[in-house]
Amino acid sequence: MPDFLLEIGLEEVPARMIDAAETSLGFRIAKLLVDGRLDPGNAKMEEYSTPRRLAVLVRGVAASQPDSEEQVVGPSLKVSFKDGQPTQAAQAFAKKVGLPVEKLEKVATPKGEYLAVKVVNRGRAAGEVLADAVPKEIAALYWPKSMYWRSKNERFVRPLRWLVALLDDSAIPMELFGMPAQAGTRGHRILGGSATIPRASAYEETLREVKVIVSRGEREQRIRKALDAATRTVAGARWREDPELLDTVVNLTEWPAAILGNFDREFLDLPEEVLVTVMRDHQKYFAVQDASGKLAPHFLAVLNTEGDPAGIIRHGNERVLRARFNDACFFWQTDQKHPLRNRVPDLKKVTFQKDLGSYFDKSMRVQKLASLISQSLDDAGVKVRSGIVHKAALLAKTDLTTELVKEFTELQGIVGGLYARAQRLDPNMKDDQREAIATAIYDQYKPQSMEDSVPRTVEGAVLSVADKADSIAGMFALGLQPTGSKDPFALRRQANGIVKTIAEHKLPLSLRHLCSDALTGYTGSEAEKAFTAAGLDEALAGFFRERLEHYLRDVLGLEYDTVNAVLAAGFDDVVDAVARAQAVGKVRDLQDFLSIAAAFKRINNIFKQAQEKGFKTAADFDDSIATEEEKLLHAKAELLAPRFDAARESRDYADALIQLSTLRESVDNFFDKVMVMVDDDRVRANRLALLENLLRSFSTIADFSEIVTEGKGS
Amino acid sequence: MTRSDQKTSPTYQDLILGLEKFWADRGCVVQQPHDLEVGAGTSAPETFLRVLGPQPYNVAYVQPSRRPADGRYGDNPNRLYKHTQLQVILKPPPATVQELYLESLTAIGIDLSQHDIKFEEDNWESPTLGAWGIGWQVMLDGLEITQFTYFQQCGGVDLDPICAELTYGLERIAAFLQDVDSVYDIVWARDPETGLAVTYGDVRYADELQFSVYNFERANVDYLWKHFDLFEAECQELLSAYRAIEKDDKTPAEAVACEKRRFPLLAAYDLCLKCSHLFNLLDSRGAISVTERVGVIARVRNLAVGISKAYLDQQGTAAPEVAARKQRQGAQGAAD
């Protein structure tokens, strides 16, 4: 069984795209081998990638497709023979398949007997199949951003510069973007030259000779070891784990090494956030900490070369970092000359969104909205220092005018927080107040993702929610809501952030009020003139319902039917919905509960029928015309209702649901013995009244009919 | 070599001469900088206009690039109001364009075997020019020394063929080669007789200081607006005049073609560049409000896009001439 090697030689592919491309190519080739009947079942695939290549090595593909037998069915016996003699139809069929009539077989089909023949299709050679199919698979790879260089119809991530396709030691005659495949590859840009791959299975070692480690995993191990070794030169030091950065440098190198560089201790006076951002985001350096966990004046750079014996590369990197840190120091000092409190008017010159006005306008709106939120939280008994929120909202965006944020945009919010802490915001302000304001500003963009933490303080949470709600409401009003995979303003992420913040801070807030308050903030503004979207309230409600659904399912890990059931009973109060969902999640697999859920589904169906047929429901349940089972169920439900409500009102939803489960026996009994849809109008209406009462009383936590019970209950 | 020694490393002008020589030897026209204020080498007509249309063109030129808002009164060791780019356009790019670029680094004295070089994703986009491209920032020992872009679109037009644009940051490379921490300490020239050095600071400090004062403090906002309006109006008039020729179906085709060929679209483009620079000045004076900003950018873009469309049309008019010339060159090539 031959081995198949494919290597696509490219100009440097963006690091962020390599992992997905490697996986996707492997998947496509594997599928191609199966579909093309070239995988004998035990072929072994290895995927490789570096910045300049994507490759796949498959050991043990079939040399050719297996021959296959196919039954070709001809005319029916009836028309094939007349008086025992073959007709023209039979002869034509025999001619077509190249056999005399007497060699044809007869097969029985549901429609009667037919003439037929078994035809053997010779399998094509592997090279032939691959030459046809592989270029199409490569061209179909998805890239987040692609380009053309030969003709507009050929798009790929970067120009293709060579192509290797081998079956053992012979090149497969294929072509991609006008480039014929051969056995010649290229090594490391500086350290290696070109090389010829003698046979497919020698891929790894051939590339190693020209200083390329094609396995990402191996490069990662090598980088880890190099980072460890470089860090060991400083007593007690450790490098800070950073999976994302590690992945980036793995995808930026073919022959990695690492060096430790130093910077002046005095830069440690700058906040750690600034130093780490410069090192990590701008220079792709790993930060180093001392034994106590504090940032140490060193950094680690991952190189794409053998090493740095003369220290030239270290010297160059130190020089760059020094200039960067000097810039940061300079910006920090310049920014202090014009403190945040004086920068509020400057925000008039910073655009938030072209139709929604400046960040000054936004700050004013957010300040108001945050006050409304604080007020309603206060009414609900949550203690919020509204003065802190007010001041923080006013200053929150001022850092956008600072040099430091203009240079390091990813530090917005954080810089505002750091400056608020370092500056005198107000002569009469106490230290703890300033600290609280600084923290709220610092955390305003949190959570940046579902993994990120929410703002640390309730004041920070209010500011964060107000800021995001203002953006979402404004964008929706302009008709800029996300559609499909398009969400240019990251509104989904922001709404996710609101949901998570409300849930984790347990803020008693109504999403509907939040949205309408946020919209009201635009009343009378210039922005309002550009508002076009109709049906805003429903659109926003639907949008937040989706986000809450996402939170319950993907963050809290609740089952989809639990989530549907709970949201069907209301989703305006996030905290409440979370509590209900967790309670349902807890009891949903109990036998009694499943049985109740099944019964509620049945009741819903009954009402659907009743509606279709125009059957009336009685206003009240009348004991006098009821059977024993009905009476019993009614009595039990009446007895249970206040206890259920009490538990629900104290938000002990799990208890409420367990209470509800005690109804199972009476419900089951009812359905066993009683037929609802009887002909007698009065009796039927009375029975419907009983069931409606059940629905009304007990569907307030969740719409149980949404719970999937099939295959779970008895 | 252990570390670069400023005495033996190339001067700033050595660097420029070295790169120009390198690209001249590889068939580039070495052009002079465009003699108007531009924000980047890309804005110079040798790039912006030449990348349009089918005609192959290879060119290299130094382009002082003015960004008024980046001025720091000569106080910041790394930031300049006017920095200098060396711009190379290869249209179409050869398949070995990256290797050629690396050779150019060797040519200016960088021993690649002793350094760490990486091509990191960095795409370029200028909504004002309706232009974008895909490419890398080239990192040398952690320093971004070049912007490498495959142009895909310019003036809202898909390019055919595409071109490669290499933009060397000259101050950065010089500071790296000479191992100095401040651009002002770069040795610009050294007298071969006396060994006396003239620094970047000697040549340019006053420029940085005075233009920072002008850009941030003294530029007369009212006048700037007037200039802007005037340059824009004249540019628009020219564009309308060109369109009038396009629409003229009474004049014989040959006369129209002749009229188009001599039409001063290059002058129209200069007027557009003036507007672009005035916008930057107004911006650094803080004279453009949020609501105005988008509108002013759109005004400049309208000019740029209008000119590129007209320019393509003009090139098309000249096409027969180009074809004839190519044929002559082809015949010559065959004869050789």
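The values are calculated or read from the model by the stated rules, or taken from the named source; none is laboratory data. Since the model is a prediction, treat every value here as computed from it, not as a measurement. Virtual Cβ from ideal backbone geometry, glycine too; neighbours counted across all protein chains shown. Heads up: the accessible areas ignore ligands, DNA and RNA and are worked out on the full protein's heavy atoms, side chains in. Shrake-Rupley method; radii C 1.70, N 1.55, O 1.52, S 1.80 Å.
For segment B:40-109, just run the numbers: alpha carbon Rg, then divide by 2.2 N^0.38 Å, N being how many residues it has.
Dividing the Cα Rg of segment B:40-109 by 2.2 N^0.38 Å gives 1.38.
In segment B:1-147, if every C-alpha pair distance is counted and binned at 5 Å from zero, what percent goes to each bin?
2, 8, 15, 20, 23, 17, 10, 4, 1, 0
For chain A, what is the accessible area per residue in Å² when the probe is 1.4 Å?
Heavy-atom accessible area per residue stands at 45 Å².
Given the Cα-Cα distance of A:Arg553 and A:Ser697 and 0.36 nm per residue of separation, how much length would full extension add, in nm?
Separation in residues times 0.36 nm, less the Cα-Cα distance, equals 49.2 nm.
Where a Cα-Cα gap under 24 Å defines reach, which lysines qualify for A:Lys613, not counting those fewer than 8 residues away within the same chain?
In chain and number order, the partners are A:Lys601, A:Lys673.
Which one of A:Leu245, A:Gly261, A:Thr277 is farthest out on the positive end of the charge dipole of segment A:216-336, using unit charges on Cβ (Lys, Arg +1; Asp, Glu -1) and the Cα centre as origin?
A:Gly261
Of B:Gly142, B:Val51, B:Leu209, which is farthest towards the positive pole of chain B's charge dipole, taken about the Cα centre with +1 and -1 on the beta-carbons of Lys, Arg and Asp, Glu respectively?
Comparing the listed Cα positions along the dipole, B:Val51 ranks first.
On C-alpha positions alone, give me the angle between the axis of helix B:200-213 and the longest principal axis of chain B, in degrees, nearest 10.
50 degrees
Report the Cα centroid-to-centroid distance between segment A:128-164 and segment A:22-69 in angstrom, as an integer.
If we compute the Cα centre of each part, the gap is 17 Å.
Please compute the volume of the convex hull spanned by the alpha-carbon atoms of segment A:296-401 and report it per residue in Å³.
206 Å³
Rounded to the nearest 20 Debye, what is the dipole magnitude of the protein assembly as shown about its Cα centre when Lys and Arg each give +1 and Asp and Glu each give -1 at the C-beta?
That gives the protein assembly as shown a dipole magnitude of about 1180 debye.
Using only alpha-carbon positions, what ratio does the radius of gyration of segment B:220-325 give when scaled by 2.2 N^0.38 Å?
The reported ratio for this selection is 1.29.
With an 8 Å cut-off on Cα pairs and a minimum separation of 6 or more residues, tell me the relative contact order of chain A in percent.
RCO, chain A: 7 percent.
Determine which residues of segment A:100-129 fall in the zone a paramagnetic label at A:Val79 would reach in this model, i.e. backbone nitrogen under 20 Å from the point 7 Å along Cα→Cβ.
Residues A:101-102, A:104-118 fall inside that zone.
Taking 0.36 nm per residue of separation and subtracting the Cα-Cα distance, what length does fully extending A:Gln375 through A:Ala140 add?
Stretched fully, the A:Gln375-A:Ala140 segment lengthens by 79.1 nm.
Apply 1/(1 + (r/R0)^6) to the Cβ-Cβ distance of A:Arg492 and A:Gln221, taking R0 = 45 Å, and write down the FRET efficiency to the nearest 0.05.
That pair, A:Arg492 with A:Gln221, gives E of 0.75.
Per residue Cα convex hull volume for segment A:216-336, in cubic angstrom?
Residue-normalised Cα hull volume stands at 99 Å³.
Pulled fully out, how much extra length does the chain show between A:Lys616 and A:Asp645, if you take 0.36 nm times their separation in residues and subtract their Cα-Cα distance?
The span from A:Lys616 to A:Asp645 would gain 7.7 nm if fully extended.
Nearest 0.05, what FRET efficiency do A:Asp242 and A:Lys506 give at R0 = 35 Å with Cβ-Cβ as r?
FRET efficiency, A:Asp242 to A:Lys506: 0.60.
Where in segment A:362-392 does the label zone of A:Asp426 land, with the point 7 angstrom along Cα→C-beta and an amide N cut-off under 13 Å?
In segment A:362-392, the label zone of A:Asp426 (backbone N under 13 Å from the point 7 Å along Cα→Cβ) covers A:385-392.
On the accessible surface of the protein assembly as shown, probed at 1.4 Å, how many percent belong to carbon and sulfur atoms?
Taking all protein chains in place, the protein assembly as shown shows 50 percent carbon and sulfur surface.
Tell me the mean residue ellipticity at 222 nm calculated for chain B from its helices only (DSSP H runs of n ≥ 4, each -39500 (n - 2.57), averaged over every residue, nearest 500).
That calculation yields -15000 deg cm²/dmol at 222 nm.
Mind checking which of B:Gly71, B:Ala107, B:Gln85 is farthest towards the positive end of segment B:1-112's charge dipole, using Cβ charges of +1 (Lys, Arg) and -1 (Asp, Glu) about the Cα centre?
Looking along the dipole axis, the top candidate is B:Gly71.
Once you treat every alpha carbon in chain B as an equal point and sum by Debye, what is log10 I(q)/I(0) at q = 0.09, 0.11, 0.15 Å⁻¹?
For the requested q values the scattering log ratios are -0.55, -0.81, -1.33.
Can you tell me which aspartates and glutamates have their Cα less than 15 Å from the Cα of A:Lys136? Leave out same-chain residues fewer than eight positions away.
Straight-distance partners of A:Lys136: A:Glu7, A:Asp35, A:Glu128, A:Glu154, A:Glu175.
For segment A:1-53, take the alpha-carbon Rg, divide it by the Kirkwood Rh, and send me Rg/Rh.
Dividing the radius of gyration by the Kirkwood radius yields 1.02.
Roughly how many whole Å is it from the C-alpha centroid of segment B:72-109 to that of segment B:271-307?
27 Å
Take the Cα radius of gyration of the protein assembly as shown and divide it by 2.2 N^0.38 Å, with N its residue count; two decimals is plenty.
Here the Cα radius of gyration is 1.19 times the empirical estimate.
In straight Cα distance, which lysines are under 28 Å from B:Lys91, not counting same-chain residues fewer than 8 positions off?
Hits, sequence-local ones excluded: A:Lys145, A:Lys152, B:Lys21, B:Lys82, B:Lys118, B:Lys260, B:Lys274, B:Lys309, B:Lys326.
Determine the shielding of peptide B:105-118 by partner chains: average, over its residues, the number of Cβ atoms on other chains within 10 angstrom of each Cβ.
4
log10 I(q)/I(0), Debye, Cα-only segment A:585-714, no solvent, q = 0.11, 0.16, 0.21 Å⁻¹?
-0.37, -0.79, -1.29
Can you give me the angle between helix B:319-335 and the longest principal axis of chain B, using Cα atoms only, in degrees from 0 to 90, rounded to the nearest 10?
It is inclined by approximately 60 degrees.
Can you give the % of DSSP beta bridges in chain B that are antiparallel, to the nearest 5?
The antiparallel fraction comes to roughly 95 percent.
For segment B:12-217, calculate the relative contact order in percent as a whole number, restricting contacts to Cα pairs under 8 Å that are 6 or more residues apart.
21 percent
Which distance in Å, rounded to a whole number, links the C-alpha centroids of segment A:407-434 and segment A:546-606?
43 Å
With +1 assigned to the C-beta of every Lys and Arg and -1 to the C-beta of every Asp and Glu, and no other charges, what is the dipole magnitude of segment A:540-617 about the Cα centre in debye, to the nearest 20?
Dipole size: approximately 400 debye.
Be a star and scan segment A:675-694 for residues whose amide nitrogen sits under 20 Å from the point 7 Å along the Cα-to-Cβ vector of A:Arg602.
Residues passing the 20 Å test: A:675-680, A:683-694.
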